[in-house]
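Chemist: Structure provided below as structure tokens; questions to follow.
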Amino acid sequence: MSEPYAARFELVEWEEEAPGVRAKPVEVDGARWALVEYEAGAGRPEWCSTPHCGFVLEGALRYEFEDGREPLALVAGQGFLLPASPPHRGRNHGAETARLFVADDPV
């Protein structure tokens, strides 16, 4: 990136990605950045092998892993890194909406 850049999430419409999961994606230097919300009880049904890093802004979320390892439990104020392997998927087991900032690795 050669110039300063502001990701204008307020100008982007919400997109439903799965039942109860929505995102406001912005492309930044070939990578997807997104505000993501998981309603209480919502989760992704499919496994993901895209590497991500991010930060939990509100609520709590748990990432499950296809290989059965211990889930990664996250709460507001925590950052996270998810490598491509093992595949992962997020689920909100809490009673309130979880809001995250997520950046995909532009591999």
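The values are calculated or read from the model by the stated rules, or taken from the named source; none is laboratory data. Note that the structure is a prediction, hence the values are computed from the model and not measured. Positions of Cβ are generated from backbone atoms using ideal geometry, with glycine treated the same way; all protein chains shown enter the neighbour counts. The accessibility values were calculated without ligands, DNA or RNA, using every heavy atom of the protein model including side chains. Shrake-Rupley method; radii C 1.70, N 1.55, O 1.52, S 1.80 Å.
Chemist: Has the stretch 66-80 got any residue that is touching a residue at least 24 places away in the same chain (Cβ under 8 Å) and open to solvent by 80 Å² or more (accessible area, probe 1.4 Å)?
Modeler: For the stretch 66-80, residues touching a residue at least 24 places away in the same chain (Cβ under 8 Å) and open to solvent by 80 Å² or more (accessible area, probe 1.4 Å): absent.
Chemist: Can you name the residue in the stretch 81-107 that is aliphatic (A, V, I, L, M) and touching a residue at least 60 places away in the same chain (Cβ under 8 Å) and, of all such residues, is surrounded by the fewest Cβ atoms within 10 Å (Cβ to Cβ)?
Modeler: Going through the qualifying residues, I end up with Ala103.
Chemist: Read through the list (1) assigned to a loop (DSSP other than H, G, I, E, B); (2) open to solvent by 80 Å² or more (accessible area, probe 1.4 Å), then give the number of the only condition that Arg62 fails.
Modeler: Status for Arg62: all satisfied but (1).
Chemist: Any idea which of Ala73, Ala40 is part of a loop (DSSP other than H, G, I, E, B) and under 11 Å from Arg91 (Cα atoms)?
Modeler: The match here is Ala40.
Chemist: Condition first: under 12 Å from Ala98 (Cβ atoms) and either open to solvent by 30 Å² or more (accessible area, probe 1.4 Å) or in contact with a helix residue (DSSP H, G or I) (Cβ under 9 Å, 6 or more places away or on another chain) (or both). Now tell me which residues in the stretch 8-43 satisfy that.
Modeler: Arg22, Leu35, Glu39, Ala40, Gly41
Chemist: Among all residue pairs at least 6 apart or on different chains, which show Cβ distances below 8 Å where the first residue, located in the stretch 5-27, is under 17 Å from Gly54 (Cβ atoms) and the second is buried (at least 17 other Cβ atoms within 10 Å of the Cβ) and among the hydroxyl-bearing types (Ser, Thr, Tyr)?
Modeler: Val21/Tyr38
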